[in-house]
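Structure, as structure tokens:
The values are calculated or read from the model by the stated rules, or taken from the named source; none is laboratory data. Quantities reported herein were computed from a predicted structural model and do not represent experimental measurements. Virtual Cβ from ideal backbone geometry, glycine too; neighbours counted across all protein chains shown. Each accessible area value is taken on the protein alone, full model and side chains, heavy atoms only, with ligands, DNA and RNA left out. Shrake-Rupley method; radii C 1.70, N 1.55, O 1.52, S 1.80 Å.
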Amino acid sequence: MDPLEQLAEALRRRLIERARDGAAAGAGSGGSLVDDVRELVDSEAPALPVDEREALTARVVRLATGLGPLEPLLADPAVDEVMVNGPGDVYVERSGRIERTGLSFGAEAELMHSIERVLAPLGRRVDEASPLCDARLPDGSRVNVVIPPLALDGPCLTIRKFRTMGFSLDDLVGNGTLPRGLADFLASCVAARAAVLVSGGTGSGKTTTLGALSGAIPDGERIVTIEDAAELRLRQRHVVRLESRPANVEGRGEVTIRQLVRNALRMRPDRIVVGEVRGAEALDMLMALNTGHEGSLTTVHANSPEDALRRVETLALMAGLGLPHRAVREQVAGALDLVIHQARAADGSRRVESVAEVVRAPGGAGTRELYRLRRGRPLWRPPGGGELAARLELVGAAA
């Protein structure tokens, strides 16, 4: 943190102390707050030139509103994620690496006040009765809050920043996520209306890759995106964005991903893009893909392409319709064409490790590996004579 930022942080704390002592009466309005801060800066840093005092005043006002000491981190384009583990521990992720900052909140109450300032405009709240909350900031950043008694060391706040414009496949090639040949192949698969499932662990970059793949959808198609917290930034013009909604404080008004998937089928979509399947909506997604809604894209938490198919099967069974396991496996085999598996390396970089086509196997769905990154070397083989190869041949993209 630079010296001016340290001074701004110290003045912010002084401003809070004055407000608590009643010395900053009327600081609730915007103009009064600026006047109080300017007076404080003039008294505490009179040696600074006028222009630097004005800049310092602006910094203190910024720190005293919104997320307080976290504002510089949110304004830093190099920061991808901000993690607050109680009032005294603030971490950030830069270029895939987690590092501790020198920032902190003065007390747990101060951190809770910042959390409330974030959630109030969004119509969300947290308290002892509802100590968990997911929300999305106006800029698309995703917010997660956990407070005591569930968080034992004080309120926890996680903010995942999201770019205004998502990454393209060219961007992913540039940062080493995948090679150019694989990017071209995946773009051809998307253009050929293959149903693609992106798998990986938390923080592996699944949503980023999903957004990049969506760039290969031809213009003119009607795309419906469905997410828990809207993060995807598609470049096409004809995009309908849907977001689920939790229940209110009275336990009413919840709209689930499954309900949105069902509703999307009535919206005449050419493509359905689901940010992540994590529940019973997996069955509705499979049924949609098996009834003419080809070319959809989604993600799932899994450790490999094979595990991804098994997880989709398990999630579909959570719908509770009593379908035989074999019937669900057949649905998976008929619905999905390609699984892309991504992982996060120890150095924080993200890599596409495996790409497999989905094939019919005895008892349901299986995978046939087309690409594998092994010891830093890519290993390739062309699609077999199944559905994926037929789709690529139809659009003249067969390798």
So the angle from the long Cα axis of helix 30-44 to the longest Cα principal axis of the chain, reported in degrees to the nearest 10, equals 60 degrees
Determine the equivalent ellipsoid of region 182-293 by diagonalising the alpha-carbon gyration tensor, then write out the semi-axes as square roots of 5 times the eigenvalues, largest first, rounded to whole Å. 24, 16, 14
Principal axis dimensions, region 34-114 - Cα atoms, whole angstrom, descending: 40, 29, 18
Using a probe of 1.4 angstrom, how much of the accessible area of the chain is carbon and sulfur, in percent? 50 percent
Angle between the Cα long axis of helix 50-64 and the longest principal axis of the chain, 0 to 90 degrees, nearest 10? 60 degrees
So if I take the centroid of the Cα atoms in region 208-265 and the same for region 301-337, what is the distance between those two points in Å? 21 Å
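For a quick protection proxy, order the peptides 86-97, 298-309 by their average other-Cβ count within 10 Å, most packed first.
298-309, 86-97
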Viscosity 0.692 mPa s, temperature 37 °C: Stokes-Einstein D of region 205-260 from its Kirkwood Cα radius, in µm² per second? 259 µm²/s
With the other protein chains left in place, how much accessible area per residue, in square angstrom, belongs to the chain at a 1.4 angstrom probe? 48 Å²
Cα shape, region 318-386, gyration tensor, a/c 1.5 rule: oblate
If I fit a long axis through the Cα atoms of helix 3-20 and take the longest principal axis of the Cα atoms of the chain, what angle between them do I get, 0 to 90°, rounded to 10? 70 degrees
CD proxy, 222 nm, the chain: helix-only mean residue ellipticity via -39,500 (n - 2.57) per DSSP H run with n ≥ 4, per residue, nearest 500, stands at -10500 deg cm²/dmol
Normalized C-alpha radius of gyration of region 281-399, against 2.2 N^0.38 Å? 1.12
